[in-house]
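Here is the structure we will look at.
Read-outs: derived from the displayed coordinates by stated rules, not from any lab. All figures in this text were calculated on a predicted structure; none of them were measured in a lab. Cβ atoms come from the backbone with ideal geometry, glycine included; neighbour counts cover every protein chain shown.
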Amino acid sequence: MKNTIIAPSVLAADFANLQRDIEMVNNSEADWFHIDIMDGVFVPNISFGMPVLAAINKHAKKTLDVHLMIVDPDRYIKTFKELGADILTVHYEACTHLHRTVQAIKAEGMKAGVALNPHTPVSVLEDIIQDLDLVLIMSVNPGFGGQSFIENTYDKVRKLKALIDAKGTNVMIEIDGGVNNKNAKALVDAGVDALVAGNFVFSASDPIATIADLKEITSK
Ligand code: DX5
Ligand code: ZN
């Protein structure tokens, strides 16, 4: 039996009831909190920053999976460690010296992830894959929740899985954007280890049951 990681994206939570929504995730079968940090420069949206992450960290009892959609992420690696990040993912497209950035994340004791935009081929990771803990494939263009899933993602997952296997390394594959109960199982069958779900979880009438359902259909 597989244990697919389910990571609800806090971006889709009700910020006026953030503690309630965090407790919901704590009490669910979810594995991680997915935290989207957007700077309005790398992506055309601003989400939330340090004070909100500090508030999340105060109540969250699960792994904090932080997805940085910001330019020049090196400036904030230490800060995100202090704010409780367990996994820190930067965008390939935002890093000129990606190898240095990845080493700096690991030196702080966090797991290092690299995210790829929908247009970025997985082959760009060929010479860094062995240094990574996680690759996040964006299945929508980053910046907003609630967008539709890009079908080419399956193909990218298969290519990434082949690259990981060819290098004989152990890297998790995470998918972010438009995940729901219709595409979750096929994604896992293609090689995905972790699924981010924002709107599908938080807009559901019963988010706890929705998380349990995602966990069940992906664990067969
Ligand atoms: C998009 C973010 C996602 C977003 C996913 O830029 O990286 O994590 O919250 O939301 P849904 O699941 O609603 O597409
Ligand atoms: Zn994200």
Using θ = phi - 60° and Karplus 6.51 cos²θ - 1.76 cosθ + 1.60, couplings along region 165-178 (whole Hz; Gly, Pro as x): 5, 4, 7, x, 10, 10, 10, 7, 10, 10, 10, 9, x, x
Residues with amide H under 5 Å from that of LYS111, placed H, sequence gap 5 or more: ILE87, LEU88
Among the listed pairs LYS159/LYS220; LYS61/LYS182; LYS81/LYS159; LYS78/LYS161, those beyond 26 Å (Cα-Cα): LYS61/LYS182; LYS81/LYS159; LYS78/LYS161
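At 0.36 nm per residue, and after removing the present C-alpha to C-alpha distance, how many nm does the segment from GLU126 to LYS167 gain when stretched out fully?
Values: separation 41, 0.36 × 41 = 14.76 nm, distance 0.87 nm.
Here the segment from GLU126 to LYS167 would lengthen by 13.9 nm.
Based only on other Cβ atoms within 10 Å, what is the fewest-to-most ordering of PHE202, PHE15, PHE149? Spell out each step's value before the answer.
Values: PHE202 21, PHE15 12, PHE149 17.
Neighbour counts put them in this order, fewest first: PHE15, PHE149, PHE202.
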Fewest-first sequence of THR101, THR96 by Cβ atoms within 10 Å of each Cβ: THR96, THR101
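Just rank VAL52, VAL102, VAL25, VAL41, fewest to most, by other beta-carbon atoms within 10 angstrom.
Fewest to most other Cβ atoms nearby, the residues stand as VAL41, VAL52, VAL102, VAL25.
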All aspartates and glutamates inside 19 Å of LYS215 as judged from Cα atoms, apart from same-chain residues fewer than 8 positions distant: ASP21, GLU23, GLU29, ASP31, ASP65, GLU174, ASP176, ASP189, ASP193, ASP206
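Determine the relative contact order of the chain: mean sequence separation of Cα pairs under 8 Å and six or more apart, normalised by residue count, in whole percent.
23 percent
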For MET172, residues with placed amide H under 5 Å, excluding near neighbours: LEU134, VAL135
Mean residue ellipticity (222 nm) of the chain, computed from DSSP H runs ≥ 4 via -39,500 (n - 2.57), nearest 500: -9000 deg cm²/dmol
³J(HN,Hα), Karplus 6.51/-1.76/1.60, whole Hz, each residue of region 149-157, x for Gly, Pro: 4, 8, 5, 4, 4, 4, 4, 5, 4
Computed label-point distance, nm, for sites GLU216 and ASP14 using a 7 Å Cα→Cβ extension: 2.5 nm
In sequence order, calculated HN-Hα J values of region 60-76 (Karplus, 6.51, -1.76, 1.60; Hz; x Gly/Pro): 5, 10, 10, 3, 9, 9, 9, 10, 8, 10, 9, 7, 6, x, 3, 4, 10
5 angstrom amide H check on GLU29, placed H, neighbours 5+ away: ALA212
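When you count, for each residue, the other Cβ atoms within 10 Å and take the mean per peptide, how do 16-22, 155-161 rank with the highest first? List each step's numbers first, then the result.
Working: 16-22: 14.3, 155-161: 18.0.
Ranked by mean Cβ neighbours within 10 Å, highest first: 155-161, 16-22.
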